[in-house]
1. Since B:T30 meets every condition but one in (1) under 11 Å from the mean Cα position of the chain (by Cα); (2) within 14 Å of chain A (Cβ to nearest Cβ); (3) more than 29 Å from A:W121 (Cβ to Cβ), which condition does it not meet?
2. Could you look through region A:263-311, keep only residues that are touching a residue at least 12 places away in the same chain (Cβ under 8 Å) and hydroxyl-bearing (S, T, Y), and pick out the one that is farthest from the other protein chains (Cβ to nearest Cβ)?
3. Quick check: is even one residue across region A:197-208 of a type outside the set (S, T, N, Q) and modelled with pLDDT of 95 or more?
4. Given chain B, what helices (runs of 4 or more DSSP H) lie entirely inside it while holding 1 or more residues that are surrounded by fewer than 19 Cβ atoms within 10 Å (Cβ to Cβ) and in contact (Cβ under 8 Å) with a residue 40 or more places away in the chain?
5. So which helices (runs of 4 or more DSSP H) stay within region A:45-137 end to end and still have 1 or more residues that are under 30 Å from B:R56 (Cα atoms), outside the structural domain of A:Y157 (by TED's automatic domain parsing) and polar (S, T, N, Q)?
6. Identify the single condition in (1) more than 9 Å from chain A (Cβ to nearest Cβ); (2) at pLDDT below 95; (3) in contact with a Pro (Cβ under 8 Å, 6 or more places away or on another chain) that B:W37 does not satisfy, given that it satisfies every other one.
7. When residues of region A:1-19 are filtered for being assigned to a helix (DSSP H, G or I), more than 16 Å from A:V45 (Cα to Cα) and free of Cβ contacts under 8 Å to residues at least 12 places away in the same chain, how many remain?
8. Please go through region B:50-60 and give me each residue that is more than 11 Å from chain A (Cβ to nearest Cβ) and in contact with a Leu (Cβ under 8 Å, 6 or more places away or on another chain), ordered by number.
Amino acid sequence: MDFQNYPSLERLIARLLELWPDHRDYVEKSFDGRTPDVMAISDQVASCALKLGDAMEGGLDSLIGDYRFLCEKIVLPEELHFRRNNRYRLSKFEDAMRECYANAPYMARYMNGLLISNVVWNNHAQAISSYVQAYLPSLRPNADFLEIGPGHGMFLYFAATSPNVGTVTGWDVSPTSIEHTRHALKILGVTRPVTLALQNLFEAKPDSGTRFDSIVMSEILEHLEDPVAALKAAMNWLKPGGEIWVNVPANSPAPDHIFLVNSPEHACELVETAGLGVAASHAFPMTGTTLEKARKRKLAISCVVVGRKAA
Amino acid sequence: MTHDEVLAKLTDIIRDVFDDESLQPTDAMTAEDVTEWDSTNHVRLMVTIESEFGIRFETDEITAPETVGQLIALIQSKLGA
């Protein structure tokens, strides 16, 4: 692996492999074949992860520890259940709430682990690269942008630094998450005003505020019992011709994944069922496999779908 | 089942899971010897073994075997051999 031109990747991956040397094969597979464009975005994501890690208790080592916890203790048992039963372990939001969202220390480790996965897992890296390099530049000038569930603020960060984007807004149902995102954006050095609001998508009244040119729902739908209802609710907030950028994993067991998307086609179908046209779609298989094998073996695929509202 | 009987059946399973008829598992084989033998495909392998042999692994047994030989011994222990 040559990270000579990618200083943030150099630092993050070097430390990861010092702490977890057995992960080398996986990391090498993950970075093998990433184009320079994707590597450039991965380096930016790594830079964000390093800034956030350096600002937290325990620093980068703690972040890496949480990534390993994600891989070995969070994902593996869920993968086992999925393979045995052909379905996710949980199907009710209330169960995910009880087991995950209400457990703050567990959620902190889980979210930290996912932050590193955005660098290390090839399907995550490819999806983010697609968002930054293909989607954001396609937006109309001064686009009004909204993200549902911004989490670590990664997608808001890239939107806020995009020349096409005008206003930047993030909605979340959790006050803790809102403050977490606000803090993250400050650490990441975002100076453009970002409106962060405690807002439940299903309770938002469309005639009470600005509609958006672009709404991002990244790794949201698989956490909901009725993703089509969420897409329909989001569509109410789109301007005519506006787009929803969806990133949803297929066949990706996790403790709070309750809706099983089983293929890229299924992801498109959800968007179309909500009444949106599919303007673009991409499928990024998990590290170390091809799309064909991922389909055949029901391995994880990050499914990106751009749904467009009629003009 | 004897060691060789388990190995024969396991060979078919490994070839099927990894889509590679050229694989010749031996006691010394490890995940590093098979390109696609990563953690996710390891779980697929173990679940397929459960189904084909009619056994069930404990969660900590899923990642315990480091070689095919150790895996065969585990399978035999589950079969009560």
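The values are calculated or read from the model by the stated rules, or taken from the named source; none is laboratory data. Just so it is clear, the model here is predicted, and its values are computed rather than measured. Cβ sites come from the backbone with ideal geometry, for glycine too, and all protein chains shown count toward neighbours.
1. (3)
2. If we take residues in region A:263-311 being touching a residue at least 12 places away in the same chain (Cβ under 8 Å) and hydroxyl-bearing (S, T, Y), then A:T273 is farthest from the other protein chains (Cβ to nearest Cβ).
3. Of region A:197-208, the ones of a type outside the set (S, T, N, Q) are A:197-198, A:201-207.
Filter once more, so that each one left must be modelled with pLDDT of 95 or more: none.
Scanning region A:197-208, I find no residue that is of a type outside the set (S, T, N, Q) and modelled with pLDDT of 95 or more, so the answer is no.
4. In chain B, B:3-17, B:39-53, B:68-79 are the helices (runs of 4 or more DSSP H) which contain 1 or more residues that are surrounded by fewer than 19 Cβ atoms within 10 Å (Cβ to Cβ) and in contact (Cβ under 8 Å) with a residue 40 or more places away in the chain.
5. On the way: elements: A:59-69, A:76-85, A:93-96, A:104-120, A:122-130.
Hits in region A:45-137: A:76-85.
6. (3)
7. Summing the residues that are assigned to a helix (DSSP H, G or I), more than 16 Å from A:V45 (Cα to Cα) and free of Cβ contacts under 8 Å to residues at least 12 places away in the same chain in region A:1-19 gives 2.
8. Step one: filter region B:50-60 for residues more than 11 Å from chain A (Cβ to nearest Cβ), giving B:52-55.
Answer for region B:50-60, where residues must be more than 11 Å from chain A (Cβ to nearest Cβ) and in contact with a Leu (Cβ under 8 Å, 6 or more places away or on another chain): B:F53, B:I55.
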